1. For Leu25, which sequence-distant residues (separation of 5 or more, or a different chain) have an amide H within less than 5 Å of its own amide H, given hydrogens modelled in the peptide plane?
2. With r defined as the distance between the Cβ atoms of Ala10 and Asn106 and R0 fixed at 22 Å, what FRET efficiency is calculated, to the nearest 0.05?
3. What whole-number value in cubic angstrom gives the convex hull volume per residue for the C-alpha atoms of the chain?
4. Glu88 to Ala55: extension gain in nm, 0.36 nm per residue of separation minus the Cα-Cα distance?
5. Could you check how much of the accessible area of the range 1-111 is carbon and sulfur, as a whole percent, using a 1.4 Å probe?
6. In a shell of Cβ-Cβ distance under 12 Å around Met71, excluding Met71 itself, what net charge do Lys and Arg (+1) and Asp and Glu (-1) give?
7. Comparing Lys66, Lys43, Lys117, which has the greatest mean-square fluctuation in the GNM of the chain with Cα pairs linked when under 10 Å apart?
8. Before anything else, pin down the relative contact order of the chain: Cα pairs under 8 Å, at least 6 apart, normalised by residue count, whole percent.
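The values are calculated or read from the model by the stated rules, or taken from the named source; none is laboratory data. Model, not experiment: these values are computed from the prediction. Glycine also receives a Cβ, built like all others from the backbone with ideal geometry; neighbour counts cover every protein chain displayed. For accessibility, only protein heavy atoms count, side chains too; no ligands or nucleic acids. Shrake-Rupley method; radii C 1.70, N 1.55, O 1.52, S 1.80 Å.
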Amino acid sequence: MASIFSKIAAGDIPCHRVAENASFLAFLDIMPLAPGHTLVIPKVEVDRIWDLEPALLGELHVFSQKVALAMEDVMPCQRVGQAVIGLEVPHAHVHLIPLHVVADINFERPKLEVTQKELADVAARIRGAFEARYPA
């Protein structure tokens with residue numbers, strides 16, 4: 001059975017996309033720890049990040065780097081942190097989270113309640129920065 005992330009990548013479930021290429025998709029977490037909290041997934045469904053082929057794992061991190069740099073261009077933060085937890089969804093993914101303090105990346109904290117409009121606005125800002133940095 002396809003994971004929720006595979007369904008998002010296939011377009012079966014809507015998301016707030018911020019960046020995409022043939023192999024990866026970056027989209028906003030709908031229950032973010034901070035505004036701009038982004039998930040980066042490989043489009044191929046692999047349960048654990050460490051089960052990715054080494055080349056694909058490297059490409060995932062390079063793609064995540066590009067997304068994080070675009071996020072830093074438009075999200076007010078000290079830096080963008082990265083976390084790989086792997087317990088929530090059986091599909092390899094990276095969390096990119098705008099940080100002001102270390103506690104901002106604590107997954108035990110309550111998630112933010114954000115509207116679809118807020119998500120759409122943030123996604124558009126990050127997508128614009130990504131496209132400006134990395135024109136197709």
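1. It is Ile41, Lys43, by chain and number.
2. The computed FRET efficiency comes out at 0.10.
3. About 108 Å³ per residue, rounded to a whole number.
4. Here the segment from Glu88 to Ala55 would lengthen by 9.5 nm.
5. Summing carbon and sulfur atoms, their accessible area is 59 percent of the total for the range 1-111.
6. Net of charged neighbours comes to +3.
7. Comparing Lys66, Lys43, Lys117 in a Gaussian network model of the chain, the most mobile one is Lys117.
8. So the answer I get is 31 percent.
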